[in-house]
Structures are given as structure tokens and as C-alpha cells.
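Contents: one structure, followed by commentary.
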Amino acid sequence: MFESISELPSSIQNLMNKAHEARKNAYAPYSRFKVGAALQLSTGEIVTGNNQENAAYPSGLCAERVAIFHAGATHPEMTVSFMALTAGSLTKETKTPIPPCGACRQVLAEYEVKQNASIVIYFMGETGKIVKANSIKELLPLIFDSTYL
Ligand code: THU
């Protein structure tokens with residue numbers, strides 16, 4: 001747990017700032033809840049995403065999956081080293097760290113298995129504390145993966 005962005009290592013501050021920028025472009029007219037995600041690849045490249053909603057509600061997609069599918073589509077041999085997330089409502093200030101939803105955890109777990117390396121995740125609200133998880137396995141124990149198929 002970090003008290004504020006200024007306590008983060010400078011490269012992660014930069015990544016979190018990219019997530020904040022990406023959040024501004026979220027398309028969330030239904031929930032009025034905007035989420036921004038920024039991934040840092042092992043090459044140093046940064047790939048971003050934000051939530052994209054739809055009038056047929058389940059057709060929308062979370063920021064985390066938009067970001068990681070974007071990265072997977074454009075950098076198929078990638079390794080994702082870090083992920084920064086920021087989320088908050090447009091109708092109230094969100095100061096508590098917002099963790100990724102269960103479906104996003106499952107998708108992130110797939111990429112950790114695929115790349116055989118952990119993704120370090122930092123998540124926050126709009127302001128306030130930041131939580132760090134060293135691997136998606138900390139957020140999703142007993143993952144279901146392809147070894148069961
Ligand atoms: N949302 C995300 O983008 N990521 C999450 O992990 C949780 C929820 C989005 C989906 C929807 O557009 C809005 O937030 C409200 O659920």
C-alpha cells in the first residue's frame with residue numbers, strides 16, 4: 001500500500017499518469033464510472049485502455065481487458081511487466097483503491113501463464129492510496145488455466 005502517487009517509483013508514477021490520461025477517454029455514458037489502464041511491456045513500451053460501454057450492457061468491456069487485448073493484438077510476443085489502474089465515478093469522488101473485477105482477473109491470469117512471468121499491478125481510485133499486487137495470483141488464487149483442459 002502506498003499513501004499517494006508521489007510515493008511510487010518514478011517509472012510507475014509515469015505509468016499511473018498514463019492510466020489517468022486513458023481514463024479521460026473512457027466511454028461510460030451508462031455507468032458514469034470511468035476506468036483507465038496502462039500496461040508497461042518488458043520493452044518499456046506503454047499500452048493503454050479504458051472501459052467501453054454499450055447500450056446492450058453486457059457488450060461493453062472493462063478497461064483492463066481493452067488494454068491487455070490491445071497489447072496482445074499489437075504485440076503478440078509481448079511480456080507485460082506492470083499494470084496501473086485508476087477508476088472512479090463521475091458522480092462522486094472515488095478515493096478508495098478500485099481492484100480489477102473477477103472477469104479481468106481471469107483474463108490477466110491467462111496472460112501471466114502465457115508469458116510465464118508475473119504482472120505487477122498497481123490500482124487506485126481517482127486520488128488517494130495505491131495498492132500493489134505482485135502477481136494476479138495474489139488477487140485470484142486457485143486460478144483456472146489451460147492445464148485443466
Ligand atoms: N469496469 C472496468 O473497466 N474495470 C473493472 O475492473 C470493473 C468495472 C467498468 C465496466 C463498466 O463500464 C463500469 O466500469 C461499471 O461497472
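The values are calculated or read from the model by the stated rules, or taken from the named source; none is laboratory data. Quick caveat, the model's predicted, so the values are computed rather than measured. Note that we place each Cβ from the backbone using ideal geometry, even for glycine, and neighbour counts take in every protein chain shown. Keep in mind that these areas ignore ligands, DNA and RNA; they rest on the heavy atoms of the full protein, side chains included. Shrake-Rupley method; radii C 1.70, N 1.55, O 1.52, S 1.80 Å.
Assorted remarks:
- Neighbour cut-off at most 14 other Cβ (10 Å), DSSP loop, chymotrypsin sites (Phe, Trp or Tyr not before Pro), the stretch 1-71: 30
- Using θ = phi - 60° and Karplus 6.51 cos²θ - 1.76 cosθ + 1.60, couplings along the stretch 108-116 (whole Hz; Gly, Pro as x): 5, 4, 4, 6, 5, 5, 4, 8, 6
- Heavy atoms of residue 127: accessible area, 1.4 Å probe, square angstrom to 10: 60 Å²
- The residues of the stretch 59-132 expose, per residue, 44 Å² of accessible area to a 1.4 Å probe.
- Note on the stretch 89-138: Lys pairs 8 or more places apart or on different chains, Cα atoms under 28 Å apart, count 8.
- Among beta bridges identified by DSSP and lying wholly in the chain, the antiparallel ones come to about 75 percent.
- Measuring between their Cα centroids, the stretch 112-128 and the stretch 1-54 lie 11 Å from each other.
- Where chymotrypsin sites (Phe, Trp or Tyr not before Pro) fall in DSSP loop in the stretch 104-149, at most 11 other Cβ within 10 Å: 144
- Longest DSSP-loop-exposure-free segment, trypsin sites (Lys or Arg not before Pro), the chain, at most 14 other Cβ within 10 Å: 33-91
- The stretch 39-73: GluC sites (Glu not before Pro) in DSSP coil with no more than 13 other Cβ atoms inside 10 Å: 45
- Solvent-accessible area, 1.4 Å probe, carbon plus sulfur percent, for the stretch 5-148: 54 percent
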